[in-house]
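These notes concern the structure reproduced below.
The values are calculated or read from the model by the stated rules, or taken from the named source; none is laboratory data. Remember, predicted model here, so these are calculated numbers, not experimental data. Every residue, glycine as well, gets a Cβ built from its backbone with ideal geometry; the counts of neighbours run over all protein chains shown. Each accessible area value is taken on the protein alone, full model and side chains, heavy atoms only, with ligands, DNA and RNA left out. Shrake-Rupley method; radii C 1.70, N 1.55, O 1.52, S 1.80 Å.
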Amino acid sequence: MTETADIWTINSRRAVMKIPVISLCAQAGVGTRTWYDAIEGTKAPKPSTIAKLNMALQRFKLAYGGDSGPLTVRAAYTGALMLAALMLKSDGKAALFSDPARKATGDPQWLKAARVRRLAFWISNYLMGFRVSEIGRAAGLTKQAVSKAITDVADDPDPEMQRVCNELERMFS
């Protein structure tokens, strides 16, 4: 019976936040049929389903606070950015707050940040398995820009970049 109360609490919070059922279910990885079965009382939801829905609500709450994209992707991208900065002996904060849309190719600081971002995209996609579109949303770029950056890292003839990529592959395997 407490599970039913929990689903109703989740539903009321969802309604207040104006989150469509289909969006909440997609974020939670729960089928909409499962949601409607629980709401209609046809089937009691599993505790794991309630936990997933609660976590999805928390992600939406954070997204409304200004975070771009699902929390897991944004957090992973930020972590990859800091790891890339560490591996390239660069300033991670500068890369995080550097505007990629500025395209200031004449500015050495911007170029350093761009190099760190490219490696972070590669880490997020190649080593962590996030889709290019997810990384793009987290970074505020198009998936085409992220895809090109990942290709640039993979094809980079710079021995230092190849050494860093090989070292990261060993760490993640």
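At-a-glance table
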{"item": "Computed FRET value (nearest 0.05) for Met55 with Phe172, which takes r as the C-beta separation and R₀ as 25 Å", "result": "0.50"}
{"item": "Loop chymotrypsin sites (Phe, Trp or Tyr not before Pro), the stretch 1-54 (other Cβ atoms within 10 Å of the site Cβ: 12 or fewer; DSSP)", "result": "none"}
{"item": "Å² per residue, accessible surface of the chain at 1.4 Å", "result": "57 Å²"}
{"item": "Overall dimensions of the stretch 87-159 by Cα: Rg and Dmax, Å", "result": "11.6, 32"}
{"item": "Filtered trypsin sites (Lys or Arg not before Pro), the stretch 114-158: DSSP coil and at most 15 other beta carbons within 10 Å", "result": "Arg131"}
{"item": "Carbon and sulfur %, accessible surface of the chain computed with the full protein complex present, 1.4 Å", "result": "58 percent"}
{"item": "Dipole in debye (nearest 20) - the chain, about Cα centre, beta carbon charges: Lys, Arg +1; Asp, Glu -1", "result": "380 debye"}
{"item": "Overall dimensions of the stretch 12-56 as given by Cα atoms, namely Rg and Dmax in Å", "result": "9.8, 25"}
{"item": "Two-decimal log10 I(q)/I(0) for the chain, as the Debye equation yields it once each C-alpha is a single scatterer, q = 0.12, 0.15, 0.17 Å⁻¹", "result": "-0.65, -0.83, -0.95"}
{"item": "Positive-end residue of Pro47, Gly129, Pro159, charge dipole of the chain with Cβ unit charges", "result": "Pro47"}
{"item": "Candidate residues Lys43, Lys18, Lys52: accessible-area rank, largest first, probe 1.4 Å", "result": "Lys18, Lys43, Lys52"}
